[in-house]
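Everything on this sheet refers to the single structure shown next.
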Amino acid sequence: MRVLIAPDEFAGTLSAVQAAEAIAEGWRRQAPDDVLDLAPMADGGPGFVEVLHRALGGHLHVVTVRGPGGASVPATLLLVERGGVRAAYVESAQACGRHLLDATDPELASSYGVGELLLYAWDAGATEVVVGLGGSGISDGGAGLLAALGAQADVALDQGVRGLAGVTEVDLTPARERLRGLTLHAALDVDIPLTGLFGTLKAAGEQRGIAEERLPALDGHLEAWANAVDRRLSLDKGAGAAGGLGYALMLLGATQEPGIDLVAGAVRLAERCRRADLVLTGEGAFDFSSRSGKVPYGVADVAAHALRPCVALAGQVLVGAREMRVLGIESAYAVVDLVGEEAAFADPAGSLAQLAQRVARTWSR
């Protein structure tokens, strides 16, 4: 039996590569004769560069950028030569991810470091840059990114969403000129607008540490930012991705693509699904939000087109059987249901391997 293993990261515990290896280890214990094909996945968030490096090869360059709170943080630039084009892949979460907030006031968290990543890519000779969006700890509408490229305004653009209060005048000309000739692509994990009921703060402000009662006022700051720059564009799908980094990249002329689609193409997911008898996917928390550009839904969709069953292994499963079917998942299994929450966090790889061994009893021939 051929089994394709294509999980996302298990946020805070396992990278996608580690998760795939843990699932494979557990599966082999139960079904050693099965042929396993490991295809770690990402949706633009944490792990995006690692997964693409595994799939595409290329050269990794470690650089230092400004983190969301101002301290220097390491980030990785992936350079890939293809058909005479030098493409760079960067991951916004490495410069301003939620895991970097620590004691930083989330209202002051800045995306400045993502702009620095673009400059590094440009200086390295890249002619196009793909920016993975997801796992963001900022909500500044991409103002920090644009400030790093030279944008000017009547407020400080590198002081987070709170710093945008009262903004009325913005000059993006220096930022656009700085990267003239560079082709930009945004790999999105969500397709929400910048502001409003379905905007970035409403969707993920509290996950980034912003108090619920502060969300309306800060959304007003983003409204002011949008009015000062390009109101129409702020309403487009994807503008609210990664705290508004999608909006900043759109202002620079970036095209958009779901991150899961980009990664699926890079790892030849459709072709590998057709060769498999069963497809396994997974993530830390499998819930109905997985339908919005997330890895399990994307993998299940590709598996469905290949007429292959797809099963999910997750840290937690927060949907019922009906919701699973809507997401294209035949069955979903939770680590915490098998070993308990404490054990799951104490030994995430071992616990996931245990779960995979248990699932193989049901699904392996």
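A simple spin-label model places pseudo-atoms 7 Å from Cα toward Cβ; at Val326 and Ala103 they are separated by 4.3 nm. Taking 0.36 nm per residue of separation and subtracting the current Cα-Cα distance, fully stretching the chain between Thr168 and Arg358 would add 62.5 nm.
Amide H contacts of Gly132: Val90, Glu91, Ser92, Ala187, each under 5 Å away and 5 or more positions distant or on a separate chain (H built 1.01 Å from N in the peptide plane; Pro and chain starts excluded). Kirkwood-type hydrodynamic radius, the stretch 305-365: 12.3 Å, calculated from all non-identical alpha-carbon pairs.
Listing Thr168, Thr104 from fewest to most neighbouring C-beta atoms within 10 Å gives Thr168, Thr104.
In terms of Cα atoms, the Rg and Dmax of the stretch 180-282 work out to 16.9, 53 Å.
Looking at the stretch 48-260, send over the antiparallel percent of its DSSP beta bridges, to the nearest 5. Before the final figure, lay out the partial values.
Details: 16 of 30 bridges.
Roughly 55 percent of the DSSP beta bridges within the stretch 48-260 come out antiparallel.
Look at where the Cα atoms of the stretch 268-284 and of the stretch 33-60 average out, and the two centres are 13 Å apart.
Taking each DSSP H run with n ≥ 4 as -39500 (n - 2.57) and averaging over every residue of the chain yields -10500 deg cm²/dmol at 222 nm. Projecting the Cα atoms of Val167, Ala55, Tyr89 onto the dipole axis of the chain, where Lys and Arg carry +1 and Asp and Glu carry -1 at the beta carbon, places Ala55 farthest toward the positive end. In a simple Cβ point-charge model (Lys, Arg +1; Asp, Glu -1; nothing else charged), the stretch 48-260 has a dipole of about 420 debye relative to its Cα centre. Applying D = kT/(6 pi eta Rh) to the chain, where Rh is the Kirkwood radius over alpha-carbon pairs, T corresponds to 10 °C and eta to 1.306 mPa s, the Stokes-Einstein value obtained is 77 µm²/s. Karplus-based coupling profile of the stretch 65-82, in residue order and whole Hz: 10, 7, x, x, x, x, 6, 6, 9, x, 9, 10, 10, 9, 10, 10, 8, 8, with θ = phi - 60° in 6.51 cos²θ - 1.76 cosθ + 1.60 and x standing for Gly or Pro. Computed from backbone phi, the HN-Hα couplings of the stretch 352-360 come to 5, 4, 4, 5, 4, 4, 5, 5, 4 Hz, rounded to whole numbers (Karplus: 6.51 cos²θ - 1.76 cosθ + 1.60, θ = phi - 60°; Gly and Pro given as x). Kirkwood radius, the stretch 48-260, all distinct C-alpha pairs, inverse of mean reciprocal distance: 16.5 Å.
Just want the ordering: Arg365, Arg214, from fewest to most Cβ atoms lying within 10 Å of their own Cβ.
Working: Arg365 8, Arg214 16.
Taking fewest neighbouring Cβ atoms as first place, the list is Arg365, Arg214.
Using the Cβ-Cβ distance between Asn227 and His305 with R0 = 35 Å, the FRET efficiency computed as 1/(1 + (r/R0)^6) comes to roughly 0.25.
Note on the chain: antiparallel DSSP beta bridges, both residues inside, total approximately 35 percent of the bridges counted. Placing R0 at 35 angstrom, the Cβ-Cβ distance between Asp37 and Thr64 gives a FRET efficiency of 0.45 after rounding to 0.05.
In the stretch 107-230, the C-alpha radius of gyration followed by the widest Cα-Cα span (Dmax) gives 14.3, 45 angstrom. Think of each Lys and Arg Cβ as +1 and each Asp and Glu Cβ as -1; about the Cα centre, that makes the dipole of the chain roughly 1060 debye.
Please give the FRET efficiency for Thr127 paired with Ala270, using the beta carbon to beta carbon distance and R0 = 41 Å, rounded to the nearest 0.05. Walk me through the numbers before you get to the answer.
Working: r = 27 Å, r/R0 = 0.67.
The value I calculate is 0.90.
For the stretch 254-262, the Karplus equation 6.51 cos²θ - 1.76 cosθ + 1.60, evaluated at θ = phi - 60°, returns couplings of 5, 8, 10, 7, x, x, 5, 5, 5 Hz by residue, with Gly and Pro reported as x.
Computed from the coordinates by the stated procedures, all read-outs in this text should not be read as laboratory data. These figures come from a predicted structure and were not determined experimentally. Cβ: placed from backbone, ideal geometry, glycine included. Neighbour counts: every protein chain shown.
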